[in-house]
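The values are calculated or read from the model by the stated rules, or taken from the named source; none is laboratory data. None of these values were measured; they are calculated from a predicted model. All Cβ positions, even for glycine, are placed from backbone atoms using ideal geometry, and neighbour counts span all protein chains on display.
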Amino acid sequence: MISDQLALETGAPVRRRRPVASSSVPLAQILPVAQVRVESPLPHLDRLFDYGVPASLDDAAQPGVRVRVRFAGRLLNGFIVGRTAESSVDATLRPLERVLSPEPVLTVEVSRLIEMVADRYAGTFWDVLRAAIPPRHARAEATEHPLDATPILARPEDESAWARYQRGRILYGRALDGTIAGVRGVWSAAPAHPWAADVAAVARAVLSRPTGGVLIVVPDAWDVAQVTAALEDCAGTMAVLTADLGPERRYREFLKALRGTARLVVGTRGAVFAPVHDLALVIIWNDGDEALWEPHAPYWNARDVAALRSHLTGCGLLVGSPARSVEAERWCASGWAQSIVSARQALRDFAPVVRALEVQDEARDEAAASARIPHTAWLVAKEGLRSGPVLVQVARRGYLPSLACVGCREAARCSCGGPLTLASGQRVAMCGWCGALSGSWACPNCGAQRFRAVAVGVERTAEEFGRAFQGERIIWSSAEQMKRSVGPEPAVVIATAGAEPVADGGYAAVVILDARGSMMRQSLRTVEECAHRWFSAAMLARPRAHVIVTADTGAPPVQALVRWDASWLAARELADRESAGMPPATRAAILRGATGDIEEVGRALTTPHRLLGPVGGRAIVTVRREDGPALGRELRGISAVRSARSGSGSPVTVTLDPRVLDG
């Protein structure tokens, strides 16, 4: 009888034996056993299964190829990850049904990386693999990719770009002379300088040598466009991997890297797994951006996957951002990576002149402490418009995105529980969830029937500046209507965080609104996110331009912005986290599911841990940093055991190293 191989692996020694060949399907003479990863979402099937390699498929059935196998009575897809002479299954093996493609898309390096990521994040191999390898497209597979032998030359301005940084020349020199392997750096971007030029400079230095590949991972397609434009001279050896390319082009670009015709890969989150030949350097830009967190199980982060890849292959790793994440600062504090910050002379020459709200402002303007746009901000914007565009960063999109009762100031909500908002040109509030109009709304707390604005969005801000600066051009940009660039002509550019256009020649002034309110949000990452938004906006200013931030001058993120010292702020946050026993000083996992199921998982854990909860179908497990790997492996094993056991209750979703603990 042919086994369907549904038994789980145990701790007992595996007895390997020569596979029994079916009389109707003769097996290959050499390495007749294929170890296959079968496509399945079930955690207890997250292991290798042995199949016989028919003699007719001996040449095609190589490690890394896609195959079709019969499993539990059904035909499923899978990947061959290895071939052996003996099997661990004490039964006649089923033969492979067919090889779907002879292209070995799952390389040994990427397979090992996927296994490491699955272990770290308590996920399954297949869940990670789905993000790592795009679906097959036959027409793209038949396309030839000629090798471009055009030499890539380093430019004089490339070295000067990194001369702005402490240790920058050393880093660039290591890239240029081919000793970048093993170098790990965390860099905070310099002011008044395009970050894409820094990325392009070090990548071009690596590619100027005859060997060595470069992988660049950025948050979104706009960042990809900026990098590819800066590396236009490397287009002949470049592959671009983003989710919005379409199936055929995405697979074609993936094959360019796999076949070695592209030494440079630029892409978004999933590109961190790209099969770059002879990988010398991985560059991650803006590692704190939430777009670099995978939204599907097992919820990995591209920065940490890149760190695992650097550990696995010995390639160099460079992580940069406008400010600095606490996780990246921990690497520097531990000595695993080197901190790269702007040199003092560069700050004196290029850093913006940052000013926050002070006691003197309140003395001159009694409304400064409570006004959303204080008088100082108006003056800076007016002065900046004399010579060029002025950027105004706001925290919220829409017109009036948050309303409250004018009487008791309770949040105004629809009968469905959703928040009420007001759009431009409308007199009736609308529910942000169900879209219902609230013409007859009355506050359930005090009975009042009128609203007051709690937050002001980008559209309302554009109206306010339009009235204040009549005759000036007003441009607004948000996620729904994003503008990527503006010219050097005077204009008021109002944008939400992350949607700021790039100004030709830089902004003459920058005004950061709603800063004080942004710092009042209750979240572990509030300070880090505020710094990220403010540094991102201030980076777009011209050298020595004025930047106004509407927060108290003593606030730590404001102090970091004034001194252009993001590493100081990250170190301060890291010290606070360590004293409180919070990540990244510890490792944490969020468990979501039924209360009884979460408690069962908690009882099964043997790694020393703290279990907070469960409350409302959610619990937090924290362990010491050094126990993190054991926690990931153990949670992965517990999920597999519970999945295999009938009547074990509902699944428990595991999120290891979540971006936020309070979400």
Legend entry - Qualifying residue in region 580-593 (condition: surrounded by fewer than 15 Cβ atoms within 10 Å (Cβ to Cβ), assigned by TED's automatic domain parsing to the domain that holds LEU631 and out of contact with any Phe, Trp or Tyr (no Cβ under 8 Å at 6 or more places or on another chain)): no
Inset, instruction - Of all residues in region 31-46, count the ones that are over 20 Å from LEU106 (Cα atoms) and either outside any loop (DSSP other than H, G, I, E, B) or modelled with pLDDT of 95 or more (or both). - result: 2
Legend entry - Of all residues making up region 312-335, the number that are farther than 24 Å from GLU529 by Cβ and either free of Cβ contacts under 8 Å to residues at least 24 places away in the same chain or not in a helix (DSSP H, G or I) (or both): 4
Inset, instruction - Inspect all residues belonging to region 383-402 and state whether any of them is assigned to a helix (DSSP H, G or I) and more than 31 Å from the chain's Cα centre (by Cα). - result: yes
Inset, instruction - Considering every residue within region 117-139, establish whether at least one is of a type in the set (Asp, Glu) and within 30 Å of ALA503 (Cα to Cα). - result: no
Legend entry - Out of ASP304, ASP361, ASP287, ASP365, sole residue that is within 25 Å of TRP568 (Cβ to Cβ), outside the structural domain of ALA192 (by TED's automatic domain parsing) and either at pLDDT 95 or above or surrounded by fewer than 24 Cβ atoms within 10 Å (Cβ to Cβ) (or both): ASP361
Inset, instruction - Kindly indicate the residue of region 47-62 that is at pLDDT 95 or above and in a loop (DSSP other than H, G, I, E, B) and also surrounded by the fewest Cβ atoms within 10 Å (Cβ to Cβ) among those meeting that condition. - result: ASP59
Inset, instruction - Identify all residues within region 293-311 that are part of a loop (DSSP other than H, G, I, E, B) and touching a helix residue (DSSP H, G or I) at 6+ places or on another chain (Cβ under 9 Å); write none if there are none. - result: GLU294, HIS296, ALA297, PRO298, TRP300
Inset, instruction - Return a yes/no flag: does region 616-625 have any residue that is in contact with a helix residue (DSSP H, G or I) (Cβ under 7 Å, 6 or more places away or on another chain), in a helix (DSSP H, G or I) and free of Cβ contacts under 8 Å to residues at least 60 places away in the same chain. - result: no
Inset, instruction - Could you please give the count of residues in region 174-200 that are out of contact with any Lys or Arg (no Cβ under 6 Å at 6 or more places or on another chain), of a type in the set (A, V, I, L, M, F, W, C) and crowded, with 24+ Cβ neighbours inside 10 Å? - result: 6
Inset, instruction - Report yes if some residue within region 63-85 is of a type in the set (Gly, Ala, Ser), in contact (Cβ under 8 Å) with a residue 60 or more places away in the chain and either in the same structural domain as LEU255 (by TED's automatic domain parsing) or closer than 27 Å to PRO298 by Cα (or both); otherwise report no. - result: yes
Inset, instruction - Residues being charged (D, E, K, R) and in contact with a Lys or Arg (Cβ under 8 Å, 6 or more places away or on another chain): count how many of those fall in region 564-596. - result: 2
Legend entry - Looking only at region 380-401, and only at residues there that are in contact with a Lys or Arg (Cβ under 9 Å, 6 or more places away or on another chain), among the small types (Gly, Ala, Ser) and surrounded by 19 or more Cβ atoms within 10 Å (Cβ to Cβ), the one that is farthest from ARG450 (Cα to Cα): GLY388
Legend entry - Residue that is modelled with the lowest pLDDT, among those in region 416-431 that are out of contact with any Gly (no Cβ under 7 Å at 6 or more places or on another chain) and not aliphatic (A, V, I, L, M): GLY425
Inset, instruction - State whether one or more residues within region 594-610 are within 30 Å of PRO556 (Cβ to Cβ) and not polar (S, T, N, Q). - result: yes
Inset, instruction - Assess whether GLU109 counts as being charged (D, E, K, R), farther than 30 Å from LEU591 by Cβ and in contact (Cβ under 8 Å) with a residue 40 or more places away in the chain. - result: yes
Legend entry - region 259-274, subset surrounded by fewer than 24 Cβ atoms within 10 Å (Cβ to Cβ) and not hydroxyl-bearing (Ser, Thr, Tyr), residue nearest to ARG533 (Cα to Cα): GLY270
Legend entry - Single residue of ARG624, ARG633, ARG659 found to be of a type in the set (D, E, K, R), surrounded by fewer than 18 Cβ atoms within 10 Å (Cβ to Cβ) and either more than 21 Å from ASP119 (Cβ to Cβ) or over 24 Å from the mean Cα position of the chain (by Cα) (or both): ARG624
Inset, instruction - Spot the failing condition for ASP223; the list is (1) among the charged types (D, E, K, R); (2) closer than 22 Å to ALA333 by Cα; (3) touching a residue at least 24 places away in the same chain (Cβ under 8 Å), and only one is missed. - result: (2)
Legend entry - Single condition GLU500 does not satisfy, out of (1) of a type outside the set (Val, Ile, Thr); (2) in contact with a helix residue (DSSP H, G or I) (Cβ under 7 Å, 6 or more places away or on another chain); (3) more than 17 Å from GLN226 (Cβ to Cβ): (3)
Legend entry - Residues satisfying the stated conditions in region 234-257, i.e. within 15 Å of PRO146 (Cβ to Cβ) and over 20 Å from the mean Cα position of the chain (by Cα): ALA235, GLY236, THR237, MET238, ARG252, GLU253, LEU255, LYS256, ALA257
Legend entry - Set ARG386, ARG427: member being more than 22 Å from ALA537 (Cα to Cα) and assigned by TED's automatic domain parsing to the domain that holds LEU357: ARG427
Inset, instruction - Scan ALA479, ALA508 and give me the residue that is in contact with a Lys or Arg (Cβ under 7 Å, 6 or more places away or on another chain) and surrounded by 15 or more Cβ atoms within 10 Å (Cβ to Cβ). - result: ALA508
Legend entry - In region 506-533, the residues that are in contact with a helix residue (DSSP H, G or I) (Cβ under 8 Å, 6 or more places away or on another chain) and within 17 Å of HIS193 (Cβ to Cβ): TYR507, ALA508, VAL510
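To keep it simple, each residue is scored yes or no on (1) closer than 14 Å to GLY320 by Cα; (2) within 26 Å of the chain's Cα centre (by Cα).
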site: GLU159; (1), (2): no, no
site: GLY168; (1), (2): yes, yes
site: TYR172; (1), (2): no, yes
site: ILE180; (1), (2): no, yes
site: SER188; (1), (2): yes, yes
site: ALA196; (1), (2): yes, yes
site: VAL202; (1), (2): yes, yes
Legend entry - Answer from ALA580, ALA589, ALA571 - the residue that is out of contact with any His (no Cβ under 6 Å at 6 or more places or on another chain) and at pLDDT below 95: ALA580
